[in-house]
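The values are calculated or read from the model by the stated rules, or taken from the named source; none is laboratory data. All of these numbers come straight from a predicted model, not from anything done at the bench. No Cβ is skipped: glycine too gets one built from the backbone with ideal geometry, and neighbour counts run over all protein chains shown.
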Amino acid sequence: MTKPACFSVKAYSTPAAATPLRAATIERRQPGPRDLRVQIQYCGVCHSDLHYARNEWGFTQYPAVPGHEIVGRVTEVDAGVTKFKVGDTVGVGCLVNSCRTCPECRAGYEQYCNQMVMTYGSTDPVLGGGTLGGYAQSIVVTEEFVLRMPSNLDLAAAAPLLCAGITTYSPLRHWGAGPGKKVGVVGLGGLGHMGVKFARAFGAHVVLFTTSPGKAADARRLGAHEVVVSTDAAQMQAQAGSFDFILDCVSAQHDINAYLELLKRDGNLTLVGAPQHPLPVAPFPLIFRRRSFSGSLIGGLPETQEMLDFCGTHNITCDIEMIRMDQINEAYERMLKSDVKYRFVIDMASLK
Ligand code: NAP
Ligand code: ZN
Ligand code: ZN
């Protein structure tokens, strides 16, 4: 395989699980057929970035460049590009390619395609090595995996919609969160705070579960009708058997069974959190009341565009704290302490 033409960009990268991220230069392919180049203005910081940088899931390819909540401006388009032009404001989420022909791709579920290429965490089909994410000055992506950003939204606050937004929107839609439904959201972090906003916007009765009592007032401001401190057994017991649906957005070990007990007959608990270690599930909370336990991965391209358009119409963005690129390692430590309100976003102009 001859190496395609490339160009260099500045980025933040780590060479090993225990090494902090640091400035580096990486290679991107020159835009080929139907590719466009995006100058990255902002990139959200997902807890998956931390799991991946530290190889907590066991498949990290180093050097690793995380970042999959990317927004920016199109600076170059291949002649074959039809959907975008230079100067457009666009988004790139967790996916940069897929086979496009399998039943999942044809149904708009590219995230479940066997050959999907993640923005980071996959093998780069063009350059080899691991795909390199959005902690960088620019990225080259085929136009089918690029999203249009609503022009009325603050761009930095919209960046985390590309992962935190779609990952909560998709299962809430799939399981019918809406009027007459009691919906729980577990964990008020980047994902959880968007889960609360969407569940409320869809018309459900929303209950937020948190281990951080200090977040209760924020949870109500973000849209929760009730807040339950999950470490308080009496507060948990008071909710037993009452939920249609619970969305679990927790990044670390916790007791899933305590939440299964809160579901009604036929209620569903969907896990989007991806902790490093398995979560033991007890049989009885599931088999009593025919409850179900499932998972969900981000969302496909059509649903991601639908979610962005919904946010544009309803003026929904994320609550963010802007950081410089050189504050990323400190941001990871704060994220581990659940000390982020409620998503860090990197101002990529700080990567000089
Ligand atoms: P985050 O901002 O760090 O939020 C995680 C929240 O979980 C914390 O704010 C905290 O909420 C709660 N939490 C943390 N440690 C806990 C513990 N030991 N016990 C109970 N609760 C705890 O993370 P995020 O970016 O939202 O991501 C959450 C998880 O989703 C990560 O594992 C990430 O990899 C995964 N993820 C999955 C997908 C997907 O497609 N399925 C997509 C994106 C991210 P409180 O302070 O309110 O308790
Ligand atoms: Zn993510
Ligand atoms: Zn496919």
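Scan segment 96-116 for residues that are within 23 Å of R73 (Cβ to Cβ) and surrounded by fewer than 23 Cβ atoms within 10 Å (Cβ to Cβ) and jot them down.
N97
Here are Y52, Y62, Y42: which of them is more than 18 Å from the chain's Cα centre (by Cα), of a type in the set (F, W, Y), at pLDDT 95 or above and more than 16 Å from ligand 3 (Cβ to nearest atom)?
That would be Y62, the only listed residue that is more than 18 Å from the chain's Cα centre (by Cα), of a type in the set (F, W, Y), at pLDDT 95 or above and more than 16 Å from ligand 3 (Cβ to nearest atom).
Identify, by number, the condition in (1) at pLDDT 95 or above; (2) touching a Leu at 6+ places or on another chain (Cβ under 8 Å) that K3 doesn't meet.
Unmet for K3, out of (1) at pLDDT 95 or above; (2) touching a Leu at 6+ places or on another chain (Cβ under 8 Å): (1).
Report, by residue number, each residue of segment 238-260 that is in contact (Cβ under 8 Å) with a residue 60 or more places away in the chain, part of a loop (DSSP other than H, G, I, E, B) and of a type in the set (A, V, I, L, M).
Passing the criteria: only V250.
Being closer than 18 Å to S296 by Cβ and within 13 Å of ligand 3 (Cβ to nearest atom) is the filter here, so list the residues in segment 107-121 that pass it.
A107, G108, Y109, E110, Q111, Y112, C113, N114, M116
Regarding segment 315-322, can at least one residue be identified that is at pLDDT 95 or above and either more than 25 Å from A157 (Cα to Cα) or part of a helix (DSSP H, G or I) (or both)?
no
Cβ-Cβ distance below 8 Å, separation of 6 or more or different chains: which pairs start in segment 41-69 with a residue that is free of Cβ contacts under 8 Å to residues at least 24 places away in the same chain and end on one that is assigned to a loop (DSSP other than H, G, I, E, B) and of a type in the set (D, E, K, R)?
Filtered contacts from segment 41-69: no entries.
I'd like to check which helices (runs of 4 or more DSSP H) are fully inside segment 141-227 and have at least 3 residues that are β-branched (V, I, T) and either within 16 Å of ligand 2 (Cβ to nearest atom) or modelled with pLDDT under 95 (or both).
Of the helices (runs of 4 or more DSSP H) lying wholly inside segment 141-227, those with at least 3 residues that are β-branched (V, I, T) and either within 16 Å of ligand 2 (Cβ to nearest atom) or modelled with pLDDT under 95 (or both) span 164-174.
Within the bounds of segment 261-284, is there any residue that is within 16 Å of ligand 2 (Cβ to nearest atom), assigned to a loop (DSSP other than H, G, I, E, B), in contact with a Phe, Trp or Tyr (Cβ under 8 Å, 6 or more places away or on another chain) and among the small types (G, A, S)?
yes
So in segment 104-116, with the set limited to residues that are over 17 Å from the mean Cα position of the chain (by Cα) and part of a loop (DSSP other than H, G, I, E, B), which one is nearest to ligand 2 (Cβ to nearest atom)?
Checked segment 104-116; the qualifying residue nearest to ligand 2 (Cβ to nearest atom) is C113.
Please state which one of T123, T142, T119 is among the polar types (S, T, N, Q) and within 18 Å of the chain's Cα centre (by Cα).
T119
Which condition from (1) of a type in the set (A, V, I, L, M, F, W, C); (2) within 26 Å of I328 (Cβ to Cβ); (3) out of contact with any Cys (no Cβ under 9 Å at 6 or more places or on another chain) is the one that A107 breaks?
A107 satisfies every listed condition except (2).
Which one of T270, T210 is without any contact (Cβ under 8 Å) to a residue 40 or more places away in the chain and either charged (D, E, K, R) or on the phi < 0 side of the Ramachandran plot (or both)?
The conditions single out T210.
Taking the criterion of being within 15 Å of ligand 1 (Cβ to nearest atom) and buried (at least 21 other Cβ atoms within 10 Å of the Cβ), would at least one residue in segment 136-158 satisfy it?
Taking every residue of segment 136-158 in turn, none turns out to be within 15 Å of ligand 1 (Cβ to nearest atom) and buried (at least 21 other Cβ atoms within 10 Å of the Cβ).
Residue by residue through segment 74-102, note down the ones that are away from ligand 3 (no atom under 16 Å from the Cβ), assigned to a loop (DSSP other than H, G, I, E, B) and of a type outside the set (V, I, T).
The answer is D78, A79, G80, K83, F84, K85, G87, D88, G93.
Among (1) β-branched (V, I, T); (2) over 28 Å from W57 (Cα atoms); (3) surrounded by 13 or more Cβ atoms within 10 Å (Cβ to Cβ), there is one condition I287 misses while meeting the rest; what is its number?
Failed condition: (3).
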